[in-house]
Amino acid sequence: MTEYRFIYKCRLCGGTNESTCVSKEGTAQGLLTLACLGNPPLSAQIANEWHEAYSNPYQEKIELLTTHICQDGQMGVADLQGYKKVTTEEEI
Ligand SMILES: [Zn+2]
């Protein structure tokens, strides 16, 4: 199974964490592009096209920033780095 995971990197400690993952590369590209544009509201037509293209309603949004709980108990700001493709073995 292949999935696309969004990666954040902490400004304070340099640690990384993974956020939402999606199963289609087009969805990942679309979410990343929309995040860079500030997640603008989509018209009903565009939202419908999104749903038809990705079989995924436009509800999940990726943010450019998030928080990171560092190992030393501090809290940092983490920036979206992009997404990575991860292939895992199918579970039966
Ligand atoms: Zn951190």
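The values are calculated or read from the model by the stated rules, or taken from the named source; none is laboratory data. Since the structure is predicted, the reported quantities are computational estimates derived from the model, not experimental observations. No Cβ is skipped: glycine too gets one built from the backbone with ideal geometry, and neighbour counts run over all protein chains shown.
Here are the numbers for this structure:
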{"read-out": "Residue, nearest to residue 38 (Cα to Cα), within region 70-92, restricted to residues that are aliphatic (A, V, I, L, M) and at pLDDT 95 or above", "value": "80"}
{"read-out": "First in region 60-71 and farther than 17 Å from residue 5 by Cα and touching a residue at least 40 places away in the same chain (Cβ under 8 Å), second anywhere and within 16 Å of the ligand (Cβ to nearest atom) and not in a loop (DSSP other than H, G, I, E, B), Cβ under 7 Å, 6 or more apart", "value": "70/10; 70/76"}
{"read-out": "Output for region 20-38, where each listed residue is more than 18 Å from residue 87 (Cβ to Cβ), surrounded by 15 or more Cβ atoms within 10 Å (Cβ to Cβ) and not aliphatic (A, V, I, L, M)", "value": "30"}
{"read-out": "Every pair of residues 6+ apart whose Cβ atoms lie under 8 Å, when the first sits in region 6-29 and is closer than 9 Å to residue 78 by Cα while the second is assigned to a loop (DSSP other than H, G, I, E, B) and modelled with pLDDT of 95 or more", "value": "9/15; 10/70; 12/70; 12/74; 15/70"}
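Table: residues versus (1) more than 16 Å from the ligand (Cβ to nearest atom); (2) not in a strand (DSSP E or B).
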| position | (1), (2) |
| --- | --- |
| 5 | yes, no |
| 8 | no, no |
| 14 | no, yes |
| 35 | yes, yes |
